[in-house]
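Student: What follows is a single structure, and I will ask about it in a moment.
The values are calculated or read from the model by the stated rules, or taken from the named source; none is laboratory data. Nothing here was measured: the structure is a model prediction, and the numbers come from that model. Methodologically, a virtual Cβ is constructed for each residue, glycine included, from the backbone with ideal geometry; neighbour enumeration extends over all protein chains shown.
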Amino acid sequence: MKLKGKFRKRKNLVICPICHLELSANDVNINGLVVCPVCGAVIEIIESEGQKIPVVHNVETKRPQPLFRLHTIATHFSIGLLPVAMLAQIWLFFARASGELLGNLDLLLPMCFLFLSIVLIGGILTFATGFVDWKRKYRGRNYEIITRKIRWSIVLFILLSFAIFLFWIELFGWSFLTQIFALGVIAKIGHLGGFLVFGK
Amino acid sequence: MIDFSLTEDQLALQKRVREFAQDVVAPAAAEHDRTGKFPYEIAKIAWKEGFLNSHVEKEFGGPERGSLSACIIAEEISAACSGIGIALDANALAQGPVIIGGNDDQKKRFLQPMTEKPMFASYAVTEPDAGSDVSRISTTATKIDDNTYAINGLKWWITGGGVASWYFVLAKTENGATGFIVDADSAGIVRGPKEENLGQHASNTVRVEFQDVKVPVENRLGEEGDGFKIAMKTFDYSRPLVAAAAVGVARACLSHARLYAKKRTCFNKRIISYQGVSFKLADMAINLDAARLLTWRAAWLYDNGLPSTKESAMAKAFAADTGMKTAVEAVQVLGGYGYSMDVPMEKLMRDAKIFQIYEGTSEIQRTIIVANLLRER
């Protein structure tokens, strides 16, 4: 039977009985084991009557933790700065529309550009530190959640670069629209990242 | 000569249903159990694949498969999720009285549409104070003119009642219990909210109230007073189906427990190597095989037009008890993980219990068996 959409997605799900994170059966390594990225439970997934039954063999309690929490800092700094840059643009838009000068607008424009650039640099740093954490804490294992995070990060990188380019050529409206999409992607990546911290 | 093997057609059907059950039903089981959502999408696929309306005659668009084939379908789907299985099987129970006691016009009006598009029907007999004792029903059907009855009463724990297009209703007339087919859109029908039960959450169980519901005389099954006979005769067909569903649950329990015991280590040994665990698995396997054989025999008797009331009751009682017993033992084999809601084991135990209750409790089945024993010379 050819499976489509959610039926195919559901088929690969298994829940870690220790921390309740939804794992993908695609994360199984060559030994037939999957190590839960959140709690470190070493789980063998057995298939019985179409159901996935987790058998816990061990728990990896001592796992190296991220260095200097750089990934977290870079992530949250970028997440915080993008809305600031966007709010500044909204303010700029209304100030221009009303013709009232509420400050030095000449300074505000490059400041927005600078903020967006910092967000992009922060994003690159987030990606790099995330990669190091993946190698250290998760021992470079293939996790569907991490793969999805990487894919969305690439989308974010493209969107942010495009937004900065549009800003540079002074297509502010289009740049702002792209930033809105970028904000949505950041929320998605943050949501996935939350699974790796708190489980599900 | 005795032959326990399935025909090529039955084996092919079993393979197709197993694939459907494991690819579509099993992965959705936890979600439907958690939300209690009726499995419309799954029912549509099952209908498209031809797994519903098994025993509707070819003349009215059905596959006319026979009881044994229907049992094969029920076992496979229930091994994946008996809640979804029963949600789909409720049709068979409602259609039973129409097949047994209905005329061609009634079959054309009510059975044929179900083979043309996905539709549901419900068997509405149980009342708050009349479950096992069907003769106690207090729903009435009063003739208001030569062509019309007015039905009044409350039907309780009606499987699929909230989604049904029509109901088989057993009501009292001047001449005794009589069966009616009642269109679910008739004025005066009030469907209650979904009941919250221990297990089989995907099954839509509601109460249905009939307040002066007008039913044309053409919707009466047989003559006045034939209802009890028709309702009981339906059980000869439906009980092996329910037994097969319980066998499906027992099979899933054994499978989960066996595979788990082979992998899980305790005191540096696989737990299957301990007699305390392995003997449990052996007992499960014995009971499972016995339950399946009783079920298939009852279905075979029905398909061959032989008396099967006692055998249906035996199959239903034994399979239901086996389902429950196997589920309890399987949870024990999985230990704490069997008790966890993250592992698809505790659900089987919750789902299994109802098999000992609906379609006649295990005690009623024994009463039927004894009554038949007393009649034997």
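Per-residue answers, yes or no, for (1) farther than 30 Å from B:Ala327 by Cα; (2) not assigned by TED's automatic domain parsing to the domain that holds B:Val182:
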{"position": "B:Gln200", "(1), (2)": "no, no"}
{"position": "B:Asn204", "(1), (2)": "no, no"}
{"position": "B:Arg207", "(1), (2)": "no, no"}
{"position": "B:Gln211", "(1), (2)": "yes, no"}
{"position": "B:Val215", "(1), (2)": "yes, no"}
{"position": "B:Leu221", "(1), (2)": "yes, no"}
{"position": "B:Met232", "(1), (2)": "no, yes"}
{"position": "B:Ser238", "(1), (2)": "no, yes"}
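Student: Just to be sure I understand, how many residues within region B:179-204 are in a strand (DSSP E or B) and in contact with a Lys or Arg (Cβ under 6 Å, 6 or more places away or on another chain)? Don't jump to the end; show me each part of the working.
Tutor: Kept after step one, since they are in a strand (DSSP E or B), are these residues of region B:179-204: B:179-183, B:189-191.
Those still in the list that are in contact with a Lys or Arg (Cβ under 6 Å, 6 or more places away or on another chain) too: B:180.
Number of matching residues: 1.
Student: Which numbered condition trips up B:Lys37, out of (1) among the basic types (Lys, Arg); (2) under 19 Å from the mean Cα position of the chain (by Cα); (3) more than 21 Å from B:Ile158 (Cβ to Cβ)?
Tutor: (3) is the only condition that B:Lys37 fails.
Student: Moving on to the next point. So B:Ile158 fits all but one of (1) among the aliphatic types (A, V, I, L, M); (2) away from chain A (no Cβ under 14 Å); (3) in a helix (DSSP H, G or I); what number is the exception?
Tutor: Among (1) among the aliphatic types (A, V, I, L, M); (2) away from chain A (no Cβ under 14 Å); (3) in a helix (DSSP H, G or I), the lone unmet condition for B:Ile158 is (3).
To keep it simple, each residue is scored yes or no on (1) among the charged types (D, E, K, R); (2) touching a helix residue (DSSP H, G or I) at 6+ places or on another chain (Cβ under 9 Å); (3) within 14 Å of chain A (Cβ to nearest Cβ).
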position: B:Lys214; (1), (2), (3): yes, no, no
position: B:Val247; (1), (2), (3): no, yes, yes
position: B:Ala261; (1), (2), (3): no, yes, yes
position: B:Asp283; (1), (2), (3): yes, yes, no
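Student: For region B:23-42: of the residues being assigned to a helix (DSSP H, G or I) and surrounded by fewer than 21 Cβ atoms within 10 Å (Cβ to Cβ), which is nearest to the other protein chains (Cβ to nearest Cβ)? Let's see the steps before the verdict.
Tutor: So in region B:23-42, the residues assigned to a helix (DSSP H, G or I) come out as B:23-35, B:40-42.
Okay, now just the ones that are also surrounded by fewer than 21 Cβ atoms within 10 Å (Cβ to Cβ), so B:23, B:30-31, B:34-35, B:40-41.
Values: B:Asp23: 5, B:Ala30: 8, B:Glu31: 7, B:Arg34: 11, B:Thr35: 13, B:Tyr40: 14, B:Glu41: 9 Å.
Result: B:Asp23.
Student: Would you say A:Phe77 is farther than 30 Å from B:Met341 by Cβ, away from every other protein chain (no Cβ under 14 Å) and touching a residue at least 40 places away in the same chain (Cβ under 8 Å)? If you could, list the steps in order and put the result at the bottom.
Tutor: On the way: farther than 30 Å from B:Met341 by Cβ: yes; away from every other protein chain (no Cβ under 14 Å): yes; touching a residue at least 40 places away in the same chain (Cβ under 8 Å): yes.
Taking the combined requirement at face value, the residue satisfies it.
Student: OK, next. Please pick out the residue among B:Ala90, B:Ala79 that is out of contact with any His (no Cβ under 8 Å at 6 or more places or on another chain), buried (at least 22 other Cβ atoms within 10 Å of the Cβ), within 14 Å of chain A (Cβ to nearest Cβ) and assigned to a helix (DSSP H, G or I). Steps first, answer last, please.
Tutor: Numbers: B:Ala90 fails: within 14 Å of chain A (Cβ to nearest Cβ).
The unique qualifying residue is B:Ala79.
Student: Could you count how many residues in region A:171-182 are crowded, with 16+ Cβ neighbours inside 10 Å and closer than 16 Å to A:Phe157 by Cβ?
Tutor: Residues of region A:171-182 crowded, with 16+ Cβ neighbours inside 10 Å: A:172, A:175-176, A:178-179, A:182.
The next check asks that each one be closer than 16 Å to A:Phe157 by Cβ; those that pass are A:175, A:178-179, A:182.
Total meeting the criteria: 4.
Student: Go through region A:38-65 and give me each residue that's touching an Asp or Glu at 6+ places or on another chain (Cβ under 7 Å) and more than 13 Å from chain B (Cβ to nearest Cβ).
Tutor: A:Gly40
Student: Could you identify the single residue in B:Ala261, B:Ala244, B:Ala257, B:Ala252 that is in the same structural domain as B:Thr326 (by TED's automatic domain parsing), in a helix (DSSP H, G or I) and over 23 Å from B:Ala28 (Cα atoms)?
Tutor: Working: B:Ala244 fails: over 23 Å from B:Ala28 (Cα atoms); B:Ala257 fails: over 23 Å from B:Ala28 (Cα atoms); B:Ala252 fails: over 23 Å from B:Ala28 (Cα atoms).
Testing whether each residue is in the same structural domain as B:Thr326 (by TED's automatic domain parsing), in a helix (DSSP H, G or I) and over 23 Å from B:Ala28 (Cα atoms) leaves just B:Ala261.
Student: For residues that are over 20 Å from the mean Cα position of the chain (by Cα), part of a loop (DSSP other than H, G, I, E, B) and within 11 Å of chain B (Cβ to nearest Cβ), tally how many sit in region A:21-37.
Tutor: 1
Okay, residues lined up against (1) β-branched (Val, Ile, Thr); (2) in a strand (DSSP E or B); (3) modelled with pLDDT of 90 or more; (4) closer than 22 Å to A:Thr129 by Cα:
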position: A:Val55; (1), (2), (3), (4): yes, yes, yes, no
position: A:Gln65; (1), (2), (3), (4): no, no, no, yes
position: A:Ser78; (1), (2), (3), (4): no, no, no, yes
position: A:Leu82; (1), (2), (3), (4): no, no, yes, yes
position: A:Ala85; (1), (2), (3), (4): no, no, yes, no
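Student: Oh, and also: May I ask you to list the residues in region B:144-155 that are in contact (Cβ under 8 Å) with a residue 40 or more places away in the chain and either under 16 Å from B:Ala187 (Cα atoms) or in a strand (DSSP E or B) (or both)? Give the steps one after another, and end with the answer.
Tutor: Taking region B:144-155 as the starting set, the residues that turn out to be in contact (Cβ under 8 Å) with a residue 40 or more places away in the chain are B:144, B:146-155.
Of everything in region B:144-155, those that are in contact (Cβ under 8 Å) with a residue 40 or more places away in the chain and either under 16 Å from B:Ala187 (Cα atoms) or in a strand (DSSP E or B) (or both) turn out to be B:Ile144, B:Thr148, B:Tyr149, B:Ala150, B:Ile151, B:Asn152, B:Gly153, B:Leu154, B:Lys155.
Student: I would also like to ask the following. Quick one: is B:Ile354 away from chain A (no Cβ under 14 Å) and within 22 Å of A:Gly50 (Cβ to Cβ)? Outline the logic, then answer.
Tutor: Values: away from chain A (no Cβ under 14 Å): yes; within 22 Å of A:Gly50 (Cβ to Cβ): yes.
For B:Ile354, the condition - away from chain A (no Cβ under 14 Å) and within 22 Å of A:Gly50 (Cβ to Cβ) - is met.
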